[in-house]
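Reviewing the structure listed below.
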Ligand code: PAF
C-alpha cells in the first residue's frame with residue numbers, strides 16, 4: 001500500500017490510474033481510528049473499483065469544540081496495518097497544513113443550506129460546512145468514480161449527496177448500513193472513550209430507537225400524529241437510563257423534513273450524551289417494515 005502525504009502526489013497517482021490504465025477508482029474518506037464499520041466500507045470499495053484509495057484526515061474545520069478535536073483518537077500505525085491487510089492500494093494521509101495551507105481560514109467554504117442547520121447542525125453549528133468543504137476538496141484532489149460513506153452519519157450522507165447533486169460533482173455516492181456491536185451499539189470512533197459503566201449502558205440508545213420504531217409501526221394510520229408522544233416517551237426513557245438527550249426526532253428519510261400525512265419512508269435520528277461522550281444513531285422507519293436488528 002502506498003502512503004501519500006502530498007496533495008499534488010495524490011492527484012498525480014489517481015490521474016495515472018484513471019488515464020493511463022482506465023481504472024475505476026473507489027474512495028473511502030475517513031478520519032482514522034478505523035473499526036469494522038470502516039473496513040466494511042473498504043470491502044465495498046474493493047467491489048466497486050479497480051483501485052481503492054482511503055484518506056485519513058482529522059479535519060479541524062468540522063469540529064465545533066477544540067477539546068473534541070484534541071481528544072479525537074489518532075491511531076495511524078494500527079490503521080495502516082488494517083488498510084494494508086484489507087487490500088487498499090493507497091492511503092492519503094495529509095497534514096493539516098497540506099489541506100489548509102492558509103491555516104484553516106479557508107476563504108471559500110461549501111455550505112449546504114437548510115439541511116446543514118438542524119439536528120446535528122443545530123447542535124454543532126458549522127459542522128457540516130466543515131464536512132462539505134473537506135469532502136469537496138478531497139473529491140477535487142482524488143476525482144473518484146465512486147465514494148463510499150456509512151449510514152450511521154445519515155445527515156452527513158444527505159449533506160454530501162446534496163452537495164454532489166447541486167454542484168455536479170462527477171462521482172457516485174454509495175452508502176452502507178451501520179455496523180453494530182453484538183449488543184446493538186453502533187460502531188464509532190468515540191465508543192473507545194466510554195467508561196466501562198457508560199459502555200454497559202450505551203446500547204440502550206439503539207434499543208430505545210428499536211422500541212420507538214416498533215411502537216410507531218403498530219399504528220401506521222396514525223402517522224405523524226402519534227410521533228410527539230412516542231418521541232417524548234423515548235426521551236424520558238433515555239434520561240432515566242442516564243443519557244442527556246440532545247435530540248430524538250422522526251424525519252422524512254429523503255430530506256430530513258418534518259413528516260407529513262401520507263409519508264411512508266421515515267427515519268428516527270438521535271444524539272445523546274453519556275458522561276462526556278456524545279453518541280449518535282438512527283433507524284429507518286418504513287411503512288410495514290421493521291428495520292432494526294436485535
Ligand atoms: O465521517 C467522517 O469520518 C468525516 O466526517 C469525513 C466524511 C471523513 C469528513 O471529514
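The values are calculated or read from the model by the stated rules, or taken from the named source; none is laboratory data. Note that the structure is a prediction, hence the values are computed from the model and not measured. We place every Cβ from the backbone using ideal geometry, glycine too, and count neighbours over all the protein chains shown.
Looking only at region 174-192, which residues are within 16 Å of the ligand (Cβ to nearest atom) and more than 14 Å from residue 153 (Cα to Cα)? Working first, answer last.
So in region 174-192, the residues within 16 Å of the ligand (Cβ to nearest atom) come out as 174-179, 186-192.
Correct list: 191, 192.
Checking residue 58 against (1) within 20 Å of residue 193 (Cα to Cα); (2) within 12 Å of the ligand (Cβ to nearest atom); (3) touching a residue at least 40 places away in the same chain (Cβ under 8 Å), which single condition isn't satisfied?
Checking residue 58 against (1) within 20 Å of residue 193 (Cα to Cα); (2) within 12 Å of the ligand (Cβ to nearest atom); (3) touching a residue at least 40 places away in the same chain (Cβ under 8 Å), the one that fails is (3).
If I go through region 156-169 residue by residue, how many of them are within 11 Å of the ligand (Cβ to nearest atom) and either farther than 19 Å from residue 60 by Cβ or modelled with pLDDT under 95 (or both)?
Taking region 156-169 and keeping what is within 11 Å of the ligand (Cβ to nearest atom), we get 156-157, 159-160.
Those still in the list that are either farther than 19 Å from residue 60 by Cβ or modelled with pLDDT under 95 (or both) too: 157.
Of the residues in region 156-169, 1 are within 11 Å of the ligand (Cβ to nearest atom) and either farther than 19 Å from residue 60 by Cβ or modelled with pLDDT under 95 (or both).
Could you list, in sequence order, all residues of region 138-155 that are in a helix (DSSP H, G or I) and near the ligand (Cβ under 10 Å from one of its atoms)?
From region 138-155, those in a helix (DSSP H, G or I) are 138-142, 151-155; that's our starting set.
The answer is 138, 152, 153.
Which numbered condition trips up residue 167, out of (1) surrounded by fewer than 19 Cβ atoms within 10 Å (Cβ to Cβ); (2) in contact with a helix residue (DSSP H, G or I) (Cβ under 6 Å, 6 or more places away or on another chain)?
The one condition residue 167 does not meet is (2).
When residues of region 87-128 are filtered for being in a helix (DSSP H, G or I) and either surrounded by fewer than 18 Cβ atoms within 10 Å (Cβ to Cβ) or within 12 Å of the ligand (Cβ to nearest atom) (or both), how many remain? I'd like the intermediate steps shown before the answer.
Going through region 87-128, the residues in a helix (DSSP H, G or I) turn out to be 96-99, 120-123, 127-128.
Add one more test, that the residue is either surrounded by fewer than 18 Cβ atoms within 10 Å (Cβ to Cβ) or within 12 Å of the ligand (Cβ to nearest atom) (or both), and what stays is 96-99, 120, 122-123, 127-128.
Residues flagged as in a helix (DSSP H, G or I) and either surrounded by fewer than 18 Cβ atoms within 10 Å (Cβ to Cβ) or within 12 Å of the ligand (Cβ to nearest atom) (or both) within region 87-128 amount to 9.
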